[in-house]
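Here, each number is a calculation from the coordinates, and none is a lab measurement. For clarity, every value in this text was computed on a predicted model and none was experimentally measured. Counting neighbours? That spans all protein chains shown, and the Cβs are built from the backbone with ideal geometry, glycine included.
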Amino acid sequence: MDEKLFKQAMKKFLAGLLLVMLLLFVPAGSLAYYQAWLLIGILFIPMFAAGMVMMKKSPELLKKRLNMKETEPEQKKVILFSAILFVAAFILAGLDFRLGFTPLPGWVSFAAAVVFLLGYVLYAEVLRENRYLSRTIEVQEDQKVVDTGLYGIVRHPMYMTTLLLFLSMPLVLGSVSAFAVMLLYIPVIVRRIDNEEQVLEKGLDGYIEYEKRVTSRVIPFIW
């Protein structure tokens, strides 16, 4: 096992866990916010398991997923706005619990948790299918177009899964207002995809032909 990579991954994992707990429980003013514990469980337990699998079977992919140093100026703006959305949504969800602005029935949280876990399964499948996946927009050395599996249905299955994950999160937390904030992530995704496809069209052989074969970007037959 790569000890340096393990420490880097654990540092980011624990920092993310602490940040989410602070963003949820401080505004909520209570640790009795069970929807927050539900989200933390379904978010971080699979994340830890997936990280350990990548550590063992595909450390290079894990390194790419840990790389957050975006070089595209347009994408830096997208990442910043996405971070602001997440912070705002989590704080609003905590305040919803404390003040009861827009409460949702408990069954909604558990139904959304099922959708979230489905998104995680699809996320794992995308990682399995595409070894070139990175958290930054780039064309890698010897990269080839992946057009099998989910990539034969939509061009950006990773964004399909992230939409499932991100839009289900505020519902798991039982907050309508947080869900309304997270809807703003849709135009963010559109902007990121537009920029990513421009980069791939210029730098990845065969990508333009792939776009002609697979016309759906994120949602089959719709978008």
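For the chain, what does -39500 (n - 2.57) per DSSP helix run (n ≥ 4), summed and divided by total residues, give at 222 nm, in deg cm²/dmol to the nearest 500?
Working: 9 runs with 158 residues, N = 223.
Taking each H run of at least 4 residues, the total per residue is -24000 deg cm²/dmol.
From the cross-link list Lys56/Lys202; Lys57/Lys144; Lys77/Lys144; Lys11/Lys77; Lys11/Lys212, which pairs have alpha carbons spaced over 31 Å apart? Display every interim value, and only then the final one.
Values: Lys56/Lys202 34 Å; Lys57/Lys144 21 Å; Lys77/Lys144 27 Å; Lys11/Lys77 25 Å; Lys11/Lys212 42 Å.
Flagged as over cut-off: Lys56/Lys202; Lys11/Lys212.
Return the ratio Rg/(2.2 N^0.38 Å) for the range 3-213, where Rg is computed over Cα atoms only.
On the way: Rg = 18.0 Å, N = 211, 2.2 N^0.38 = 16.8 Å.
In units of the 2.2 N^0.38 Å rule of thumb, it is 1.07.
What spacing in nm lies between the two simple spin-label points modelled at Phe6 and Trp223, each 7 Å away from Cα in the Cβ direction?
Label-label distance for Phe6 and Trp223, simple model: 4.2 nm.
Among the helices of the chain (complete DSSP H runs), which have Cα atoms covering no less than 20 Å along the helix axis and a Kyte-Doolittle mean of at least -0.5? Display every interim value, and only then the final one.
Working: long enough: 3-28 (37 Å, 1.22); 34-57 (34 Å, 1.32); 73-99 (39 Å, 1.25); 106-129 (35 Å, 1.35); 157-172 (22 Å, 1.56); 185-203 (27 Å, -0.38).
Taking the DSSP H segments of the chain (at least 20 Å long, mean hydropathy at least -0.5), we get 3-28, 34-57, 73-99, 106-129, 157-172, 185-203.
Distance between the C-alpha centers of the range 107-130 and the range 153-193? Whole Å please.
Comparing the Cα centres of the range 107-130 and the range 153-193, I get a distance of 12 Å.
For the chain, which longest stretch is free of loop sites, where a loop site is one of the trypsin sites (Lys or Arg not before Pro) that DSSP puts outside H, G, I, E and B and that has at most 16 other Cβ atoms within 10 Å?
On the way: sites that count: Lys69, Arg131, Arg135, Lys144.
Of all site-free stretches, the longest is 145-223.
Run the numbers for Asp205 and Leu17: contour at 0.36 nm per residue of separation, minus the present Cα-Cα distance, in nm. Show your work: numbers first, answer last.
On the way: separation 188, 0.36 × 188 = 67.68 nm, distance 3.93 nm.
Gain on stretching Asp205 to Leu17: 63.7 nm.
Sequence gap at least 6, Cα distance under 8 Å: using those rules, report the relative contact order of the chain to the nearest whole percent. Mind dumping the intermediate values first?
Details: 247 pairs, mean separation 60.6, N = 223.
Taking the mean separation of contacting Cα pairs over the length of the chain, I get 27 percent.
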